[in-house]
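Everything on this sheet refers to the single structure shown next.
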Amino acid sequence: MNQLIQLDLTASNVATDRDAAVLAAFAQLPVGDSLAWTQAHDPLPLHEALMAQWGGQFAWTRQEQDGGNWALHLTRKPAGKSCCGCCGG
């Protein structure tokens, strides 16, 4: 269906809580659908957690914005892909 779900992560000030919310949302995400959100901390630890659980099952794009915020987009891919998802390929 290729649906884009916007996450509102403003309720938590703790990075680990926000990362847990993204991981939980991704676990429920159908193949082809995407999550999008903005966060104020570097998303590298979140990417590592995604790789540990779902390596190759997502496409990931991140863009640093003014003020040190990051705009992120995560799309669920079918299992069995060998790509890490970093380049969006």
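Assorted remarks:
- Residue count, the stretch 63-85 (criterion: surrounded by fewer than 18 Cβ atoms within 10 Å (Cβ to Cβ) and either of a type in the set (Ser, Thr, Tyr) or part of a strand (DSSP E or B) (or both)): 6
- Among residues of the stretch 72-84 being at pLDDT 55 or above and not aliphatic (A, V, I, L, M), the one that is farthest from ALA27 (Cα to Cα) is CYS83.
- Close pairs from the stretch 38-59: first free of Cβ contacts under 8 Å to residues at least 40 places away in the same chain and closer than 25 Å to THR10 by Cβ, partner buried (at least 19 other Cβ atoms within 10 Å of the Cβ) and among the basic types (Lys, Arg), Cβ under 7 Å, at least 6 apart: GLN39/ARG18; PHE58/ARG76
- Some residue of the stretch 35-42 being within 15 Å of ALA79 (Cβ to Cβ) and at pLDDT 95 or above: no
- The stretch 5-55, residues that are more than 12 Å from the chain's Cα centre (by Cα), in a helix (DSSP H, G or I) and exposed (fewer than 14 other Cβ atoms within 10 Å of the Cβ): THR16, ASP17, ALA52, GLN53
The values are calculated or read from the model by the stated rules, or taken from the named source; none is laboratory data. Because the structure is predicted, anything quoted here is derived from the model rather than measured. Reconstructed Cβ throughout: ideal geometry from the backbone, glycine too, with neighbour counts over all protein chains shown.
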